[in-house]
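Report on the following structure.
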Amino acid sequence: MRFKRTNGMVARATGLPERSNHEALCLTVWPTMNVKDQARHSSLIEVFEDVVPAPLLLTINATIDATQSDWQPADGRREAVMARSFAEQLRENARFYALESQVCSEARQWSETALKRDISDMPLHVLRCVGPAAAKQSYLRHFDSHVLTMLIPLRLAEQGESNGDLVLHIRQRAVKWALLNLLTKMYLFFEHGLPFFLRSALVARSQSIEGCERIQCIPGNVYVFNGLVTLHHNLDVAVGERRTLIIHHYDAGLSVGARYLMRSVRNLRDRLAWIY
Ligand SMILES: [Fe+2]
């Protein structure tokens, strides 16, 4: 099965040289660990066009509409069973199934080379439904714990500067120093606790210095990137709601203890916010 496969759309000028799709794919989405000039490459994400059928998107959105008022928190983060059922519906579609198999195979190959390990685990499914009331979920720069991130846009917010777009930072990290990974994770966790105005200003300043790609998603397409090495965050949403299904594959197992600690603190914070 063939896919129309392109690299990500660049919304902010980077002034970077054009490269062939194959070269960009090898050096950026799945970077080799000893490439010295990674920051010069502009495309960090692959776009697979017209994979998810419109009727399936309608069905998924209708299910969300019918259940969303009962969710706690209302952004869908805890609706893991529903997220997994949406992913299973997608896998019944031959195009999606073939695409997922293909990118999983590439991610495993990258892991064998870059991480020197064969990783295989169950995918993690996350639903993310963000509107204007969820500003605290924006500008949260982070690296994923998983090697492969598949992003499936379900519904877009109203277009504009604050529409919840995904932003990828161009400079990718090396993952071979465990202590540095742990310190980075702890710093980013601290940054997530800053007030919105401070955090957004900090991240915007960093964006303008380091360079980034703002990914303009289209429902029906599937977006694939290596979240383990690519720092990323979402913009806030001013009007409407942005819905996304995210499938993470292959937990790299870095800084496991820190991750569980931070997740526990985050869950506690959610519960307190709900109670009070
Ligand atoms: Fe992420």
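The values are calculated or read from the model by the stated rules, or taken from the named source; none is laboratory data. It should be emphasised that the depicted structure is a prediction, and the values quoted were computed from it without experimental measurement. Glycine gets a Cβ as well: all are built from the backbone with ideal geometry, and neighbour counts include every protein chain shown.
Residue check: is LEU168 in contact (Cβ under 8 Å) with a residue 24 or more places away in the chain, outside any helix (DSSP H, G or I), buried (at least 20 other Cβ atoms within 10 Å of the Cβ) and within 16 Å of the ligand (Cβ to nearest atom)?
yes
So for the stretch 247-269 (the condition being outside any strand (DSSP E or B), closer than 26 Å to ILE152 by Cα, modelled with pLDDT of 90 or more and within 16 Å of the ligand (Cβ to nearest atom)), does at least one residue qualify?
no
Return the residue satisfying two criteria in turn: it lies in the stretch 20-76 and is modelled with pLDDT of 85 or more and of a type in the set (Asp, Glu), and of such residues it is farthest from the chain's Cα centre (by Cα).
ASP70
Determine whether the stretch 77-99 contains at least one residue that is within 16 Å of the ligand (Cβ to nearest atom), modelled with pLDDT under 90 and within 29 Å of CYS212 (Cβ to Cβ).
Yes - at least one qualifying residue is present in the stretch 77-99.
Restricting the stretch 131-144 to residues that are near the ligand (Cβ under 9 Å from one of its atoms) and of a type outside the set (Phe, Trp, Tyr), which is farthest from VAL229 (Cα to Cα)?
Checked the stretch 131-144; the qualifying residue farthest from VAL229 (Cα to Cα) is LEU140.
Kindly indicate whether any position in the stretch 120-131 is more than 25 Å from GLN216 (Cα to Cα), modelled with pLDDT under 95 and crowded, with 20+ Cβ neighbours inside 10 Å.
There is no residue in the stretch 120-131 that is more than 25 Å from GLN216 (Cα to Cα), modelled with pLDDT under 95 and crowded, with 20+ Cβ neighbours inside 10 Å.
If ARG128 satisfies every condition in (1) within 14 Å of the ligand (Cβ to nearest atom); (2) part of a loop (DSSP other than H, G, I, E, B) but one, which is the exception?
Evaluating ARG128 over (1) within 14 Å of the ligand (Cβ to nearest atom); (2) part of a loop (DSSP other than H, G, I, E, B) leaves (2) as the failure.
Considering only the stretch 198-246, state which residues are under 16 Å from ILE170 (Cα atoms), of a type in the set (Val, Ile, Thr), more than 13 Å from the ligand (Cβ to nearest atom) and in contact (Cβ under 8 Å) with a residue 60 or more places away in the chain.
Residue satisfying the conditions is VAL203 alone.
Quickly run through the stretch 49-66 and pick out the residues that are surrounded by 14 or more Cβ atoms within 10 Å (Cβ to Cβ) and under 12 Å from LEU90 (Cβ atoms).
Once the filter is applied, which keeps residues that are surrounded by 14 or more Cβ atoms within 10 Å (Cβ to Cβ) and under 12 Å from LEU90 (Cβ atoms), the stretch 49-66 yields VAL51, VAL52, PRO53, LEU56, LEU57, ILE60.
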